[in-house]
């Protein structure tokens, strides 16, 4: 009688079980790293937009944000259309897209608001409602970026 040399079913099942345990440990760590990377990319995008808005304000003759007619006017920019600070020869070459947004239109990804009472410019991501990807970041309660507060 000839005996075949090979692995038994039990040995194969043990190896598969060990690989499954390793995957169960590694997969959540990988997903958390991807989520954190997307969150950091989004915050970096918001910082870039905030810097472009500040540069526009400094360069403009009356030193106002886009959409303001006087310094104590509140603004609410959704970046639709052609904002004056975005373009080839402007402060921001193109509006960045949130990494968690699967849509091709990036004009609705970020909004900027300026509250003259507090003097704060707040940049927010449209994915704030998706708590799976955007959790609490910075000093505010959602994914927004407050210039001068979160940049420190």
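None of the figures in this text is laboratory data; all of them are computed from the coordinates on show. Bear in mind that the values here come from a model prediction, so they are computed numbers and not experimental data. Glycine gets a Cβ as well: all are built from the backbone with ideal geometry, and neighbour counts include every protein chain shown.
Restricting to the stretch 52-90, give me the number of residues that are more than 21 Å from residue 117 (Cα to Cα) and touching a residue at least 40 places away in the same chain (Cβ under 8 Å). Matching residues across the stretch 52-90 total 1.
Among the residues of the stretch 52-67, those that are part of a helix (DSSP H, G or I) and either touching a strand residue (DSSP E or B) at 6+ places or on another chain (Cβ under 8 Å) or surrounded by 16 or more Cβ atoms within 10 Å (Cβ to Cβ) (or both) comprise 52, 53, 54, 56, 57. Restricting attention to the stretch 1-15, the residues being assigned to a helix (DSSP H, G or I) and surrounded by 10 or more Cβ atoms within 10 Å (Cβ to Cβ) number 5. Of 35, 43, all but one fail to be surrounded by 11 or more Cβ atoms within 10 Å (Cβ to Cβ), in a helix (DSSP H, G or I) and in contact with a strand residue (DSSP E or B) (Cβ under 7 Å, 6 or more places away or on another chain); the exception is 43.
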